[in-house]
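The values are calculated or read from the model by the stated rules, or taken from the named source; none is laboratory data. Just so it is clear, the structure is predicted and the values come from calculations on it, not from any experiment. Cβ sites come from the backbone with ideal geometry, for glycine too, and all protein chains shown count toward neighbours. We work out accessible area using only protein heavy atoms, side chains counted, and drop any ligands, DNA or RNA first. Shrake-Rupley method; radii C 1.70, N 1.55, O 1.52, S 1.80 Å.
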Amino acid sequence: MGKLSIQEASENQNSDSFQVVDGTGKFMVPGFHEMHFHWRNQDGGIERDLNLLLANGVTTVRNMAEYDWQDQVDIREKINSGEIFGPRYFTTGPYLNSSMLQTEEEALEVVKTHLEKGYDFLKIADNLPKNIYLTLLEEAEKVKLPVIGHAQRAMDLDYSLRMKSIEHVEEFVYLFDEEQRKNEEVMSETVQAIQVSGITIVPTLKVFERIVHYLNDAQFEKLRELDQAQYLLPGDRNYWLSEENPYRKDLKGKVLFGKDATVLLTEWLEWMKDFTLHLAEAGIPLMIGSDTFGLVVPGFSVHEEMELLQEVGLDPFEILKAATITSARYLGTQALEGTISIGKNANLVLLNSNPLEDIRASKDIAAVIFNGKLLDRTALDSLLKEVLEINASQ
């Protein structure tokens with residue numbers, strides 16, 4: 001692992017021990033963290049997604065579920081050993097729902113198997129009975145296994161705030177009814193409770209916005225021009241851009257909770273944006289995660305998420321913190337990651353313009369330094385080309 005050294009530029013730059021990169025007019029930032037990633041299609045292998053992440057400056061990634069056909073710990077270990085070229089990798093265990101946790105004994109067993117397998121996190125994706133949920137939290141705490149995931153929607157907010165992080169601001173839509181969400185006093189108290197709890201939130205706004213766009217004919221037509229869609233496997237791309245898209249097929253023109261689905265989800269999205277801004281203004285730690293689902297393409301979606309957060313009203317500096325040092329501290333890697341500091345891992349991104357003026361600069365990448373190795377624009381384009389070649393073979 002290459003370590004970072006910082007020193008004044010030397011007049012004599014000819015040396016076999018380092019490579020000179022002209023950074024005139026460019027801006028260096030720490031490597032980005034994608035904190036809510038899913039590898040969703042076995043075809044083409046995990047290498048496709050890892051290429052897309054690295055080509056977009058993502059040097060640390062957290063996978064958020066292990067599906068039946070995956071071995072996420074094996075992926076992590078192969079990356080660590082250098083057998084697979086990819087970002088520093090963290091993973092959760094299987095996508096846990098209530099059908100897997102129907103007794104306290106099953107909760108104890110799940111914690112045990114997670115510990116034995118070596119997962120970094122235990123993720124809950126469903127409502128659990130209170131006694132089972134509390135048993136799970138207590139047992140996981142004993143073995144220092146962080147519990148993360150969706151909110152416990154059938155219980156008071158306090159119970160969900162006992163996890164290490166809540167994934168998706170969308171969860172707060174379900175924790176409160178419409179009247180409560182519109183009540184400024186209730187929401188102010190909610191933000192305060194979240195702030196006091198110390199929990200971290202991963203908003204994942206882009207994936208929800210894309211769902212809204214699936215339902216809107218004009219926006220859906222624009223998605224056909226989405227450049228990064230070419231990096232999806234052909235079957236996935238054609239599926240999500242067709243009328244078989246499950247959101248268009250199942251929700252378009254339908255009524256939900258007494259409202260047209262498009263109208264309702266649009267209202268929810270606007271509320272989620274506003275609530276995310278309130279979280280940020282309260283200093284609640286946020287991380288960048290995109291859920292990589294549908295037309296939310298790995299790697300590219302990190303920049304889309306950051307851009308959307310800027311549109312919401314977050315300051316570019318705070319967004320960069322969410323993508324770097326906040327995530328590193330959450331993972332416990334802050335001694336080696338998250339800032340440009342002497343002795344830390346040399347995981348850096350060189351940008352062509354200033355992200356503090358406009359976060360959209362994050363996607364204008366001149367080079368990535370990963371584990372001390374320079375990946376210039378040619379190398380990054382080669383990673384993307386490999387993905388296109390794999391796609392063509394499918």
Exercise. With labels modelled as points extended 7 Å from the Cα through the Cβ direction, what inter-label distance (nm, one decimal) is found for Asp274 paired with Trp69?
Worked result: 4.3 nm
For this session: Please turn the phi angles of region 94-100 into ³J(HN,Hα) values with the Karplus equation 6.51 cos²θ - 1.76 cosθ + 1.60 (θ = phi - 60°), one per residue in order, whole Hz, x for glycine and proline.
Result: x, 6, 7, 10, 4, 5, 8
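I'd like the carbon and sulfur percentage of the solvent accessible area for region 157-308, probe radius 1.4 Å, heavy atoms only, ligands and nucleic acids excluded. Could you put the intermediate results ahead of the total?
Details: 3080 of 6450 Å².
Here it works out to 48 percent.
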Seminar exercise, completed: If one compares the long axis through the Cα atoms of helix 46-55 with the longest principal axis of the Cα atoms of the chain, the angle in degrees, nearest 10, works out at 60 degrees
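At 1.4 Å probe size, with every protein chain present, just tell me what the per residue accessible area of region 288-394 comes to in Å².
Details: 4100 Å² over 107 residues.
Value for region 288-394: 38 Å² per residue.
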Problem set entry | Residue-normalised accessible area of region 3-161, given per residue in Å² at a 1.4 Å probe | 48 Å²
For this session: Among Leu128, Gln72, Ser5, pick out the residue whose Cα is farthest towards the positive end of the charge dipole of the chain, where Lys and Arg carry +1 and Asp and Glu carry -1 on C-beta, about the Cα centre.
Result: Ser5
Problem set entry | Mean separation of Cα contacts under 8 Å (6+ apart) over length of the chain, as relative contact order % | 24 percent
Seminar exercise, completed: Averaged per residue, the 1.4 Å probe accessible area of region 167-222, protein heavy atoms only, in Å², is roughly 45 Å²
Exercise. Using alpha carbon centroids, what distance separates region 71-113 and region 338-389, in Å?
Worked result: 28 Å
Exercise. Once phi is turned into ³J(HN,Hα) by the Karplus curve 6.51 cos²θ - 1.76 cosθ + 1.60 with θ = phi - 60°, what whole-Hz value does each residue of region 361-371 show in order, with x for glycine and proline?
Worked result: 5, 4, 8, 8, 9, 8, 6, 10, 9, 10, 6
Exercise. Short version: ³J(HN,Hα) in whole Hz for each residue of region 227-244, in order, from phi by Karplus 6.51 cos²θ - 1.76 cosθ + 1.60 (θ = phi - 60°), x for Gly and Pro, what are they?
Worked result: 4, 6, 4, 5, 8, 7, 4, x, x, 5, 4, 5, 5, 6, 9, 10, 6, 7
For this session: Note the full-extension length gain between Asn238 and Asp376 as 0.36 nm times their separation in residues minus their Cα-Cα distance, in nm to one decimal.
Result: 46.5 nm
Seminar exercise, completed: Once amide hydrogens are built 1.01 Å from N within the peptide plane, the residues lying 5 or more places from Leu314 or on another chain with amide H under 5 Å from its amide H are none
Problem set entry | Distance between modelled label sites at Asn80 and Gln7, nm, 7 Å Cα→Cβ extension | 3.2 nm
For this session: Of the listed pairs Lys164/Lys363; Lys123/Lys144; Lys182/Lys259, which have alpha-carbon separations greater than 23 Å here?
Result: Lys164/Lys363
Exercise. Rounded to the nearest 500, what is the chain's calculated 222 nm mean residue ellipticity when only DSSP H runs of at least 4 contribute -39500 (n - 2.57) each, over all residues?
Worked result: -13000 deg cm²/dmol
Exercise. Out of Tyr214, Gly118, Gly289, whose Cα points farthest toward the positive end of the dipole of the chain (charges: +1 Lys, Arg; -1 Asp, Glu; placed on Cβ)?
Worked result: Gly118
Exercise. What angle, in degrees between 0 and 90 and rounded to the nearest 10, separates the Cα long axis of helix 130-142 from the longest principal axis of the Cα atoms of the chain?
Worked result: 30 degrees
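Report the gain in length on full extension from Arg224 to Thr113: 0.36 nm times residue separation, minus Cα-Cα distance, nm rounded to one decimal. Before the final figure, lay out the partial values.
Details: separation 111, 0.36 × 111 = 39.96 nm, distance 4.32 nm.
Taking 0.36 nm per residue and subtracting the Cα distance, the gain is 35.6 nm.
When the dipole is taken about the Cα centre of region 1-158, and only Lys, Arg (+1) and Asp, Glu (-1) are charged at their Cβ, what size is it in debye, to the nearest 20?
Numbers: 15 positive and 26 negative charges, 58 e Å.
My answer is approximately 280 debye.
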Problem set entry | Only Lys, Arg (+1) and Asp, Glu (-1) charged, at Cβ; region 118-218 dipole about Cα centre in debye | 420 debye
For this session: Would you mind working out the magnitude of the charge dipole of the chain relative to its Cα centre, with +1 at each Lys and Arg C-beta and -1 at each Asp and Glu C-beta, to the nearest 20 Debye?
Result: 560 debye
Exercise. Of all the accessible heavy-atom surface of region 1-150, with the other protein chains kept in place and a 1.4 Å probe, what percent is carbon and sulfur?
Worked result: 45 percent
Seminar exercise, completed: Site Gln195, offset 7 angstrom along Cα→Cβ, radius 13 Å on amide nitrogen, limited to region 270-296, gives 278-285
Exercise. Rounded to the nearest 10 Å², what accessible area does Ser301 show when all protein chains are kept and the probe is 1.4 Å?
Worked result: 0 Å²
For this session: Return one number: the angle in degrees, 0 to 90 and rounded to the nearest 10, between the long axis of the Cα atoms of helix 205-215 and the longest principal axis of the Cα atoms of the chain.
Result: 70 degrees
